[in-house]
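Before any comments, here is the structure.
What follows draws every value from the coordinates through simple rules; no lab data is involved. As the structure is a computational prediction, the values presented were derived from the model and not from experiment. Heads up, the Cβs are rebuilt from the backbone with ideal geometry, glycines too, and the neighbour counts pull from every protein chain shown.
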Amino acid sequence: MKAILNSGQIEQILKDLTGRIISETPRELDIAVIGIRSRGEILAQRLSSRLSQQLGKDVPHGTLDITLYRDDLNSPQGTSQPQVRTTEIGFDIDDKIIVLVDDVLYTGRSTRAAMDALMDLGRPRAIKLAVLVDRVGRELPIQADYAGYKSDAAPGKLVQVFLSESDGKEEVVIE
């Protein structure tokens, strides 16, 4: 196991992502942050708080469960029943710029599922993707608009994000 990001580096990445989102989003447009369960939801809460503070206005955040939108849901290789949890978005996404947040972008399949789920909820003005770690190995033509760290982790390796709210520690490792 090799640590690639520590808590200080994660904090700096969130600060940098916040600055980039603010600089690239016109102030007159409504923005909201939606995290993909489960670590994307934690990162979304952190980004929303930072954006609200720096913009001086409320930037709502929500949580998106993509379980039923995954393309591997009925895979014959699957051995367990997926756990469907709730989507918690307490605001209208229509005509907002949605910053979709995930911890790691790898194949692009989770992002595709998340976009499908979002489109079933409304019609945002735009969807921008923000990820903590962007790694090589895309299977779909999807890219992050805001990426914190680029990893060249080899296929077969796992990039694991640990966040204090869910894991009691703060780091990113390659296993």
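Tell me which of Ala114, Val161, Ile89 sits at the most positive position along the dipole axis of the chain, charges placed on C-beta atoms (Lys, Arg +1; Asp, Glu -1). The residue sitting farthest along the positive end of the dipole is Val161. Using every pair of separate Cα atoms, the Kirkwood estimate puts the hydrodynamic radius of the range 96-175 at 13.6 angstrom.
Each Lys or Arg adds one and each Asp or Glu takes one away; over the other residues whose Cβ falls under 13 Å from the Cβ of Asp167, this sums to -2.
Ranked by the mean number of other Cβ atoms within 10 Å per residue, highest first, peptides 133-145, 29-41 order as 29-41, 133-145. For the chain, adding -39500 (n - 2.57) for each run of n ≥ 4 DSSP H residues and dividing by the number of residues yields -9500 deg cm²/dmol at 222 nm. When every Cα-Cα distance of the range 1-66 is counted in 10 angstrom steps from zero, the calculated P(r) takes the values 20, 48, 27, 5, 1 percent. Taking a ≥ b ≥ c as the square roots of the eigenvalues of the alpha carbon gyration tensor, the chain is oblate, as a/c is not under 1.5 and a/b does not beat b/c.
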